[in-house]
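First comes the structure, then the notes that go with it.
The values are calculated or read from the model by the stated rules, or taken from the named source; none is laboratory data. The model shown is predicted, which means the values in this text are computed figures rather than measured ones. Ideal geometry is used to build each Cβ from the backbone, glycine not excepted, and the neighbour counts take in all protein chains shown. Accessible surface areas use protein heavy atoms only, side chains included; no ligands, DNA or RNA. Shrake-Rupley method; radii C 1.70, N 1.55, O 1.52, S 1.80 Å.
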Amino acid sequence: MRVNNPTLPHAPRDNDRPPVPEVIVPQGVQPFHLQNKPVRGRLIRLGLLADALLSRHDNPDVVKKLTGQALALTAALATALKFQGSFSLQVKGDGAVPMLLADCTDDGMLRGYARADMERLALLNGADAEAGALLGSGYLAFTVDQGPGMDRYQGIVALQGETLAEMTGHYFASSEQLASRVWLAAGKGPQGWRGTALVLERVAGQGGIGPDMDSLSQDDAWETAVTLAATVKDEELLDDALAPEQLLYRLFHAEGLVLDRPRPLSYGCRCSRARLASVLEGFGNEDLDEMAQSGEISMTCEFCNTTFRFARDEVRGASRPS
């Protein structure tokens, strides 16, 4: 039995689980803004974390590339949260990758996976297929979970665009969000898989904007920033030797670049034996008997691909009303 539900309220990590990689990228998130201009942003560099997350699943490279982009995008959007909670991306389609999931907490604990249909994937016959071809028709959902006792917010939009960045742009354009632009890259290099996201957001109101900047000047400043960001190449985004601050300086040095305090990202699967046991206890005894093989029930976390095994006689099923 495989379990996942990224829209459930997040739970604290515990130690009741097999070991998984303890990977922390201290400068995984580099926030920045442009002085006296209505522009702020974040550069995400997953570094070794991308390889640790993507190597947990034996997916083809084209699927890992898409998943790496989704992980970087989710980290970029989650680390903009102003409260404790988590942000999740969920894509469901009718293509060769019918399911794509990623979620990240406000403090940078990241996880994700993709489910691939190998027969449909073989029909594509393309190692460089983009998100549109891989996902097919379906929807993209972003969910913000603010923790226990708080309402969750979810925005859903139909899949439109050839790339995951274009699909995200369609979401922002069709919602009431501020103007935003996204650039995504993922690839496998000599040191393993890497994933990067560059996000620009237009600032509303007075914050950080020069006192003499009228509406037209703000529009010009925003368009200039977008034009400069669009010159970035995937090779630059994924280059470990090019530090985040160097890349941002290369793009925005003439626009009053101000670097804010970097933030860490970490391997963040939050499954545990205790949590999965509570899931099993929600099933009736007949259902549990059907799940058991040779007196044992196995449950595998989709995110980290870790399998937990429970003796059937140790699991008490939920009582059913008579």
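Identify all residues within segment 244-256 that are surrounded by fewer than 19 Cβ atoms within 10 Å (Cβ to Cβ) and not charged (D, E, K, R); write none if there are none.
GLN246, TYR249, HIS253, ALA254, GLY256
Scanning segment 48-58 for residues that are open to solvent by 30 Å² or more (accessible area, probe 1.4 Å) and assigned to a loop (DSSP other than H, G, I, E, B), which turns out modelled with the lowest pLDDT?
For segment 48-58, the residue satisfying everything is ARG56.
Among the numbered conditions (1) among the charged types (D, E, K, R); (2) in contact (Cβ under 8 Å) with a residue 60 or more places away in the chain; (3) under 14 Å from ASP145 (Cβ atoms), tell me where ASP106 comes up short.
Failing condition for ASP106: (2).
For ALA241, which of the numbered conditions (1) assigned to a helix (DSSP H, G or I); (2) surrounded by fewer than 20 Cβ atoms within 10 Å (Cβ to Cβ); (3) aliphatic (A, V, I, L, M) fails to hold?
Only one criterion is unmet by ALA241, namely (1).
Could you tell me how many of the residues in segment 25-37 are under 18 Å from LEU77 (Cα atoms) and out of contact with any Leu (no Cβ under 6 Å at 6 or more places or on another chain)?
Qualifying residue count for the region: 5.
Hey, among the residues in segment 59-82 that are without any contact (Cβ under 8 Å) to a residue 60 or more places away in the chain and open to solvent by less than 10 Å² (accessible area, probe 1.4 Å), which one's nearest to ALA165 (Cα to Cα)?
Within segment 59-82, the match that is nearest to ALA165 (Cα to Cα) is THR74.
Could you look through segment 268-300, keep only residues that are open to solvent by less than 10 Å² (accessible area, probe 1.4 Å) and assigned to a strand (DSSP E or B), and pick out the one that is modelled with the highest pLDDT?
Applying the filter and picking the extreme gives ILE297.
So that you can scan it fast, the table gives a plain yes or no per residue for (1) open to solvent by 20 Å² or more (accessible area, probe 1.4 Å); (2) of a type outside the set (D, E, K, R); (3) in contact with a helix residue (DSSP H, G or I) (Cβ under 9 Å, 6 or more places away or on another chain):
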{"position": "SER86", "(1), (2), (3)": "no, yes, yes"}
{"position": "CYS104", "(1), (2), (3)": "no, yes, yes"}
{"position": "MET118", "(1), (2), (3)": "yes, yes, no"}
{"position": "ASP145", "(1), (2), (3)": "no, no, no"}
{"position": "ALA173", "(1), (2), (3)": "yes, yes, no"}
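Condition first: of a type in the set (Val, Ile, Thr), more than 18 Å from GLY195 (Cα to Cα) and assigned to a strand (DSSP E or B). Can you find one or more residues in segment 69-92 that meet it?
Yes: one or more hits.
Any idea how many residues of segment 220-278 are more than 25 Å from LEU53 (Cα to Cα) and small (Gly, Ala, Ser)?
Total satisfying the criteria: 7.
Does ALA114 satisfy being in contact with an Asp or Glu (Cβ under 9 Å, 6 or more places away or on another chain) and open to solvent by less than 20 Å² (accessible area, probe 1.4 Å)?
Considered against the rule, which asks whether it is in contact with an Asp or Glu (Cβ under 9 Å, 6 or more places away or on another chain) and open to solvent by less than 20 Å² (accessible area, probe 1.4 Å), ALA114 comes out as no.
Among what's in segment 93-116 and is assigned to a loop (DSSP other than H, G, I, E, B) and among the charged types (D, E, K, R), pick the residue that is farthest from ARG202 (Cα to Cα).
Result: ASP94.
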